[in-house]
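Asks: Have a look at the structure that comes next, please.
The values are calculated or read from the model by the stated rules, or taken from the named source; none is laboratory data. Just so you know, these numbers come straight off a predicted model, no measurement behind them. Note that we place each Cβ from the backbone using ideal geometry, even for glycine, and neighbour counts take in every protein chain shown. Areas reflect the complete protein model, heavy atoms only, side chains present, ligands, DNA and RNA absent. Shrake-Rupley method; radii C 1.70, N 1.55, O 1.52, S 1.80 Å.
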Amino acid sequence: MLTTNPILPIIVIILLIALIFAGLFIGIIRSHVGIGRKIIETVITVLICICIYVINLRVMIPSNEATVTVPSLNVLFVVDSTLSMWAEDYDGDSSRLDGTREACNAIMDELSGSSFALISFTNEAEVRIPLTPDRQSITDALDYMYKESKYAAKGSNLNSAVDEMDRILTHMRSEYDSRQTIVFFFSDGEETYESDEDKSSEDADDSKEDDEDGASSGSAYSAYSKLLGKVDGGAVIGVGSEDGATMTDKDGNDIYDPQTGELAVSCIGEDSLETIASKIGVEYIHMEEVDDIDEVVEAIIADAAYEAELREDTENKEDTYYYVLPVLMLLMVSEILLFRK
């Protein structure tokens, strides 16, 4: 549907056109030319006034296509969606996942025009949204994350996201080699999933010397090392508190520690998250409020390159005045030449 956006108010332009027409018409009447010439000059004058009126209206054609300048960034969000992310110890009494949603939306606001992808993980990883310029799809997918039943939950495995991250980052690098790849990894750092392989090796691990514990902790997330060099920026972001908080499942059932029989308290595991950050080659941030990530986002914006891109998801209105402008110029030249004769 055509829309208008007048340069001058309609009443003002009508008065101006009336003055222009009156001046030109008086000149035509007083000129010593034949009636035929006077009719031609009057028609040209009327057409000039119409052109001026149409140009002032600024008739626009709505379009979903526009060439825009956007940050040359592909941004991957990786979100821990285990039950512990529903513990309410973020920025007062909000859940950790609420804080993650807030942060992702704030990042997308700041990096508007970039393309985004979303992976979630528990004991397994899932690509929720492949790379897309449609940020609303990321917001919707984050809002759609829900609590599991405690009977279905299998815990969190921080290594589960590596392979899907590697696939998406490899795709980003190969298909968009001119774009920077940014990763934001959100988790509380708790590792609660224990595979059969982990159980079989538990006794062997317990027999290691104390001075080997640090190396063992670091090697637990060595799989993330294969992402080094595929990430140009971002952060591993820890949500949660050292004191921790209790949790409930989707049915409102309290979560208990199977070893003690007491209410389970989920505390942030910063050592694990710091290790993952170092393997990927980004910084670790403990986010207690969304402002804590401002500095890293500002650094990404400062380093970002920009590119012109034709987007089909951008509301745009195309001006049409330049179609009328050449006609107006031609009529004015004709009017001047006729007056000179």
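Asks: Could you tell me whether region 23-36 includes any residue that is open to solvent by less than 20 Å² (accessible area, probe 1.4 Å), at pLDDT below 90 and either in contact with a Cys (Cβ under 9 Å, 6 or more places away or on another chain) or farther than 30 Å from Met145 by Cβ (or both)? Talk me through it step by step, then tell me what you get.
Replies: Step one: list which residues in region 23-36 are open to solvent by less than 20 Å² (accessible area, probe 1.4 Å), which gives 28.
Next cut, at pLDDT below 90 only: 28.
From what is left, the residues that are either in contact with a Cys (Cβ under 9 Å, 6 or more places away or on another chain) or farther than 30 Å from Met145 by Cβ (or both) are 28.
Within region 23-36 (the criterion being open to solvent by less than 20 Å² (accessible area, probe 1.4 Å), at pLDDT below 90 and either in contact with a Cys (Cβ under 9 Å, 6 or more places away or on another chain) or farther than 30 Å from Met145 by Cβ (or both)), the answer is yes, since at least one residue qualifies.
Asks: Which condition breaks for Ala277 when tested against (1) modelled with pLDDT under 95; (2) surrounded by 14 or more Cβ atoms within 10 Å (Cβ to Cβ)?
Replies: Going through the list (1) modelled with pLDDT under 95; (2) surrounded by 14 or more Cβ atoms within 10 Å (Cβ to Cβ), Ala277 breaks only (1).
Asks: Another one. Report yes if Ile20 is over 12 Å from Glu335 (Cβ atoms) and aliphatic (A, V, I, L, M), otherwise no.
Replies: Numbers: over 12 Å from Glu335 (Cβ atoms): no; aliphatic (A, V, I, L, M): yes.
No.
Asks: Within region 204-224, can one find any residue that is under 23 Å from Ser81 (Cβ atoms), of a type outside the set (Gly, Ala, Ser), at pLDDT 85 or above and surrounded by 10 or more Cβ atoms within 10 Å (Cβ to Cβ)?
Replies: From region 204-224, those under 23 Å from Ser81 (Cβ atoms) are 220-221, 223-224; that's our starting set.
Now narrow it down to the ones that are of a type outside the set (Gly, Ala, Ser): 221, 224.
Okay, now just the ones that are also at pLDDT 85 or above, so 221, 224.
Next, only the ones that are surrounded by 10 or more Cβ atoms within 10 Å (Cβ to Cβ) stay: 221, 224.
Looking for residues that are under 23 Å from Ser81 (Cβ atoms), of a type outside the set (Gly, Ala, Ser), at pLDDT 85 or above and surrounded by 10 or more Cβ atoms within 10 Å (Cβ to Cβ), one finds at least one in region 204-224, hence yes.
Asks: Would you tally the residues in region 278-301 being without any contact (Cβ under 8 Å) to a residue 60 or more places away in the chain and small (Gly, Ala, Ser)?
Replies: Looking only at that region, the number is 2.
Asks: Of the conditions (1) open to solvent by 10 Å² or more (accessible area, probe 1.4 Å); (2) at negative phi; (3) modelled with pLDDT under 90; (4) not basic (Lys, Arg), Thr139 fails just one. Which one is it?
Replies: (3)
Asks: Please give the number of the condition Gly240 fails out of (1) at pLDDT 90 or above; (2) under 26 Å from Arg167 (Cβ atoms); (3) not acidic (Asp, Glu).
Replies: (2)
Asks: Please go through (1) touching a Lys or Arg at 6+ places or on another chain (Cβ under 9 Å); (2) open to solvent by 80 Å² or more (accessible area, probe 1.4 Å); (3) over 30 Å from Ser160 (Cα atoms) for Glu88 and return the number of the only condition it doesn't satisfy.
Replies: (3)
Asks: Search region 84-99 for residues being in contact with a strand residue (DSSP E or B) (Cβ under 8 Å, 6 or more places away or on another chain) and either free of Cβ contacts under 8 Å to residues at least 12 places away in the same chain or among the polar types (S, T, N, Q) (or both), and hand back the single one that is nearest to Ser266 (Cα to Cα).
Replies: It comes out as Ser84.
Asks: Among the residues of region 104-149, which ones are touching a residue at least 12 places away in the same chain (Cβ under 8 Å), out of contact with any Lys or Arg (no Cβ under 8 Å at 6 or more places or on another chain), among the charged types (D, E, K, R) and farther than 26 Å from Asp271 by Cα?
Replies: Passing the criteria: Glu110, Arg128, Asp134, Arg135.
Asks: Can I ask one more? Would you call Gly99 at pLDDT 90 or above and either of a type in the set (Gly, Ala, Ser) or open to solvent by 40 Å² or more (accessible area, probe 1.4 Å) (or both)?
Replies: yes
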